[in-house]
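Q: Pasting a structure here, questions to come.
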């Protein structure tokens, strides 16, 4: 998904957006456009999971030798049977879409030596956590 689509999704008057990303994070050795695509896909999915509105929260912190980014929503949540297949190419529960968004997220994150995980409780939203190796700071 392109950043423009993400911006359009966030323009919904029913969706609040919280940016809790810290300014003083170490650099990540990653392609910025690919990480932008990861975040755009996750944010767009979060907005789409809240048809009646809600809040999308993006956070990023340093943790040991990695950067941990989270995209959380207050949407419908993800049923356990969907979570088992959601990163597979062409899997979708939507009427519109290719089912490639989360498989692309997984491929890009793994390509940077990272990990993408999801936790969810039906009816209470979902949290996608992306861990990427941080650049080592010079002492």
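What follows is calculated from the coordinates using simple rules that are stated; it is not laboratory data. Everything numeric in this text was worked out from a predicted model, so none of it was measured. When we count neighbours, we look across all protein chains shown, and the Cβ atoms used for this are built from the backbone with ideal geometry, even at glycine.
Q: Under 1.5 on a/c is rounded, so check that first for region 37-117, then, if it is not, pick prolate when a/b is larger than b/c and oblate when it is not; a ≥ b ≥ c are the square roots of the alpha carbon gyration tensor eigenvalues. Before the final figure, lay out each step's value.
A: Working: a/c = 1.97, a/b = 1.25, b/c = 1.57.
Oblate, because a/c is 1.5 or more while a/b does not exceed b/c.
Q: Could you give the length gained on full extension between residue 55 and residue 100, defined as 0.36 nm per residue of separation minus the Cα-Cα distance, in nm? Can you show the working numbers first?
A: On the way: separation 45, 0.36 × 45 = 16.20 nm, distance 2.39 nm.
Full extension of this stretch gives 13.8 nm more.
Q: Starting with the fewest neighbours, write out 98, 74 ranked by other beta-carbon atoms found within 10 Å of each beta-carbon.
A: Details: 98 11, 74 19.
Going from sparsest to densest Cβ surroundings: 98, 74.
Q: Ok, one more. Rank the residues 73, 24 as a footprinting-exposure proxy: fewest other Cβ atoms within 10 Å of their Cβ go first. Before the final figure, lay out each step's value.
A: On the way: 73 25, 24 5.
Listed from fewest to most nearby Cβ atoms, that is 24, 73.
Q: Run through the DSSP bridge list for the chain and note the antiparallel percent, rounded to the nearest 5. Display every interim value, and only then the final one.
A: Working: 23 of 28 bridges.
For the chain, the DSSP antiparallel bridge percentage is about 80.
Q: Can you sort 55, 76 so the residue with the fewest Cβ neighbours within 10 Å comes first? List each step's numbers first, then the result.
A: Working: 55 15, 76 18.
In increasing order of surrounding Cβ atoms, one gets 55, 76.
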